[in-house]
Amino acid sequence: MAERPDFQQRQYAFAAHIRDPQHAPRPDDVDERHMGIYRELFFNNLDGFLRDTLPVLHGLLAAAHWDALVRDFLVKHRAHSPYFLDIPREFLRYLEHERDAHPAEHFAGHFPGQFRNPPFLYELAHYEWVELALSVHEADIDLAGIDRDGDLLAGHPLLSPLAWPLQYRFPVQHIRPDYQPTAAPASPTQLLVYRDAEDTVRFLELNPVSARLLGLLAEHADAPAYSGRQALETVARELQHPQPEQIITHGLELLQDWRARGIVLGAAR
């Protein structure tokens, strides 16, 4: 800091106090009344944006716990994007890489007492963030290479780039104040989040069969010779199903439903 120009030292001191007023002293040339306004505006803007993006998580935590989490994020994390829409993603990085570095769950003296984060904290935050991320995601879809009404068995089903598979240890879609699991179930939760033709973000819960079918289509997305039937035959073979045609019949119905929802765009021409 001593090697920086005086104006930069003042800027850093000003920002440091806004981030961590308990440990970084207020600059001498700024009076407490004006500094307090800056502190409040900065924290409240950040806090409000995170609340709007993560309403379920915010509702689960005690007010002091939430405030401490936001303050700890401010103190420890260094964001690399100036955009408001990127704040929740930066918060996720903090939860994943920096919050976990403090297993005692003590918030460095920002608030009295200790708070224990629920084991699903990061996954629930990610689940809530995905809705924002997909709502603003831009994707170029080449309709010229897609037959909307193409044969999804004989042809190569094309997944929408606005359909994202998700897997969590916890059933995040069911977490609420009266349901907060303390341990992950034996089987993971498989979800599909997608944006439909009306630009509405929607979620689907997948079972192991539909999740495997989706995974095969994604895995062979760049293999135009790979058909829907091949994917379903693979599923039937892995299940060791005695009547594979039943899997193919039900699988076709699933592919058609996905096409109606906009998850599958059609078959490759």
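The values are calculated or read from the model by the stated rules, or taken from the named source; none is laboratory data. The shown structure was predicted, so the numbers you read here are calculated from the model rather than taken from an experiment. Glycine gets a Cβ as well: all are built from the backbone with ideal geometry, and neighbour counts include every protein chain shown.
Miscellaneous remarks
- Scanning the stretch 215-258 for residues that are modelled with pLDDT under 95, under 19 Å from Ile146 (Cα atoms) and part of a helix (DSSP H, G or I) returns no hits.
Yes/no per residue for (1) in contact with a Cys (Cβ under 7 Å, 6 or more places away or on another chain); (2) of a type in the set (Phe, Trp, Tyr); (3) more than 22 Å from Gly251 (Cα to Cα):
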position: Val136; (1), (2), (3): no, no, yes
position: Asp147; (1), (2), (3): no, no, no
position: Asp151; (1), (2), (3): no, no, no
position: Gly155; (1), (2), (3): no, no, no
position: Leu158; (1), (2), (3): no, no, no
position: Ala163; (1), (2), (3): no, no, no
position: Tyr168; (1), (2), (3): no, yes, yes
position: Pro181; (1), (2), (3): no, no, yes
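- Some residue of the stretch 187-195 being hydrophobic (A, V, I, L, M, F, W, C), more than 19 Å from Leu252 (Cα to Cα), outside the structural domain of Arg93 (by TED's automatic domain parsing) and touching a helix residue (DSSP H, G or I) at 6+ places or on another chain (Cβ under 8 Å): yes
- Check on Pro55, buried (at least 17 other Cβ atoms within 10 Å of the Cβ), of a type outside the set (Ser, Thr, Tyr) and within 19 Å of Leu134 (Cα to Cα): no
- Residue that is surrounded by the most Cβ atoms within 10 Å (Cβ to Cβ), among those in the stretch 129-174 that are in a loop (DSSP other than H, G, I, E, B) and free of Cβ contacts under 8 Å to residues at least 40 places away in the same chain: Pro171
- All positions within the stretch 45-96 that are among the polar types (S, T, N, Q) and at pLDDT below 95: Asn45, Ser81
Residues are listed down the side, and each one gets a yes or a no for (1) aliphatic (A, V, I, L, M); (2) at pLDDT below 95; (3) on the phi > 0 side of the Ramachandran plot; (4) under 24 Å from the mean Cα position of the chain (by Cα):
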| site | (1), (2), (3), (4) |
| --- | --- |
| Phe111 | no, yes, no, no |
| Phe115 | no, yes, no, yes |
| Trp129 | no, no, no, yes |
| Gly145 | no, yes, no, no |
| Leu158 | yes, no, no, yes |
| Tyr179 | no, no, no, yes |
